[in-house]
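Rule-based calculations on the coordinates, nothing more; no lab input. Because the structure is a prediction, the values reported are computed rather than measured. Cβ placement follows ideal geometry from the backbone for every residue including glycine, while neighbour counts extend to all protein chains displayed.
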Amino acid sequence: MVAVATRTPLIAGNWKMNLDHLQAVALVQKLDWALRDAKHEKGSVEVAVFPPFTDLRSVQTLLDADRIAFALGAQDLSTHDSGAYTGEISGAFLKKLACTYVIIGHSERREYHDETDEVIAAKVQAALRHGLVPVICVGETLEQLEEFGAAAVPVGQLQVALEGVPADAEIVVAYEPVWAIGTGKVATPEQAQDVCAALRAVIAEKLDADAAGRTRVLYGGSVKSGNIATYMREPDVDGALVGGASLVSDEFAAIVRFQKHVGV
Ligand code: 13P
């Protein structure tokens, strides 16, 4: 049995390789204004942005100067802490930039950078060593969906990623079916619920029931203001990892404000 816990919804914008540091500052400002104009209640939903590495310092400075309550995250980190690893970014650097989160195991890293489940598990350990919350992404391709069903592959990926993670660690898990990323195709709310519940069961098995009760499990894949509410009605979906729609301030603000149109 998974313990009942109140989980603050998390709406996270993964900008991927979009926006330079000047465009990043403009987007964060516009998003802040949009939420202030709408009198969005801070604290009811956590907002996090994941800009490219080169934007992080500028965004961090803006969040700090204007007291904007968005959490900051990076899109990847090195398995190593420091040394002769040209081009790599240490979790220590991200922590110094006041990053709270780091995305690990996004399907684009698995596919285009050959990241294996073992590399992803090492990155989870690196994040935890540096006091960062890993946002662990899992999901199946269309072929895997047809061959094994929706839950088997993400469950297997999460089991490896959680190897050696202590029960008291703070983590976030994101279910992103690969076939739904950037395609306009979406998992139905029921499909998302089933897989998110299966992932929560993995957290209970690998960590413990308490961890399963408090850990946020997100859905990602073509999330928009028009469909977010249907996912958020599901008991095991605690938020969204948003790609394309996080690059448009009004659209992302409308996703953050899903409670206004959730209709429950
Ligand atoms: P889209 O929202 O553009 O489908 O991207 C989802 C995603 O990959 C977020 O990490």
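Structure summary
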quantity: Euclidean distance of C-alpha centroids, region 234-263 and region 106-173, integer Å; calculated: 23 Å
quantity: Environment charge of Glu46, counting only residues whose C-beta is closer than 14 Å and scoring Lys/Arg +1, Asp/Glu -1; calculated: +2
quantity: Members of Lys30/Lys123; Lys95/Lys260; Lys16/Lys42; Lys42/Lys206; Lys96/Lys224; Lys39/Lys206 lying beyond 30 Å, as alpha-carbon distances in this model show; calculated: Lys30/Lys123; Lys95/Lys260; Lys42/Lys206; Lys96/Lys224; Lys39/Lys206
quantity: 9 Å beta-carbon shell around Gly91, net charge (K/R +1, D/E -1); calculated: +2
quantity: Mean Kyte hydropathy of 0.0 or more with a Cα span along the axis of at least 20 Å, helices from DSSP in the chain; calculated: 21-37, 189-206
quantity: Neighbourhood net charge (13 Å Cβ-Cβ; Lys/Arg +1, Asp/Glu -1) for Asp81; calculated: +3
quantity: Footprinting exposure proxy for Met232, Met17 (fewest neighbouring C-beta atoms within 10 Å first); calculated: Met17, Met232
quantity: The chain: calculated mean residue ellipticity at 222 nm from DSSP helix runs of at least 4, using -39500 (n - 2.57); calculated: -11500 deg cm²/dmol
quantity: Asp66 versus Asp20: modelled label distance in nm, points set 7 Å from Cα along the beta carbon direction; calculated: 2.0 nm
quantity: Per-residue Cβ neighbour rank within 10 angstrom, fewest leading, Glu205, Glu251, Glu140, Glu111; calculated: Glu111, Glu205, Glu251, Glu140
quantity: For the chain: relative contact order, % (alpha-carbon pairs under 8 angstrom, 6 or more apart); calculated: 22 percent
quantity: Relative contact order [Cα under 8 Å, 6+ residues apart], region 9-77, whole percent; calculated: 44 percent
